[in-house]
1. Could you work out the mean projected area of the convex hull around the alpha carbons of the chain, in square nanometres to one decimal?
2. How large is the helix-only mean residue ellipticity at 222 nm for the chain, computed as the sum of -39500 (n - 2.57) over DSSP H runs with n ≥ 4, divided by its residue count, in deg cm²/dmol to the nearest 500?
3. Long-range amide H contacts for residue 25: which residues qualify at under 5 Å (H placed 1.01 Å from N, peptide plane, sequence gap of 5 or more or a different chain)?
4. Could you pull out every one of the lysines with an alpha carbon less than 26 Å from that of residue 37, ignoring same-chain neighbours closer than 8 positions?
5. How long are the semi-axes of the ellipsoid equivalent to the range 27-85, from square roots of 5 times the Cα gyration tensor eigenvalues, in whole Å, largest first?
6. Just round it to a whole percent: the fraction of Cα-Cα distances in the range 1-41 exceeding 12 Å.
7. Among 53, 70, 116, whose Cα sits farthest toward the positive end of the charge dipole of the range 1-123 (+1 at Cβ of Lys/Arg, -1 at Cβ of Asp/Glu, about the Cα centre)?
8. Find how much the distance from residue 30 to residue 80 grows on full extension, using 0.36 nm per residue of separation minus their present alpha carbon separation; answer in nm with one decimal.
Amino acid sequence: MSDEFKKEIKIINSYGAVLEKYAGYAVINEKHLPNKKNEIKKAIKLIIAQSILANQKYDQLIAGYMQLGQFQKYQNVSNEDLLDPDPIKYLKKSEKHKKMIDKSNKESDTLYSEINQLAEVMTEKVKSK
């Protein structure tokens, strides 16, 4: 990838480091993002476009785009936090965070659909030339 995309690559690498740090979390406080969500989205879209033009793989970028949905204005919720051998405690913990986990999952699903559709359109445009 050329030097002209250094800024975008830096944004994506910083974001990737945060994803790695918070692996195993259902919800991550958005204050941990190294850049604003929209800046990360733009960077990922641009690098996906460049990857398509260069006939390179971009699956990890799509996954990262989708995972932006996990970042919410809410406390961190790790999958471990939700586990409990006592079924009653487990249900209470799950219920406490259910709305935010559902919101996070819905946003991730929406982002996944959005970026996949964009990648498909870009790929078709490149193939038609």
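All of the numbers you see were taken from the coordinates with simple rules; none came from a lab. Worth saying up front: this structure is predicted, and the values here are computed from it rather than measured. Positions of Cβ are generated from backbone atoms using ideal geometry, with glycine treated the same way; all protein chains shown enter the neighbour counts.
1. 8.6 nm²
2. Working: 5 runs with 87 residues, N = 129.
When only DSSP H runs of four or more count, the value is -22500 deg cm²/dmol.
3. Excluding prolines and chain starts, which carry no amide H, the hits are 79.
4. 6, 7, 10, 21, 45, 57, 73, 96, 98, 99, 103, 106
5. Ellipsoid semi-axes (Å, largest first): 29, 15, 6.
6. 61 percent
7. Of the options given, the answer is 70.
8. 16.1 nm
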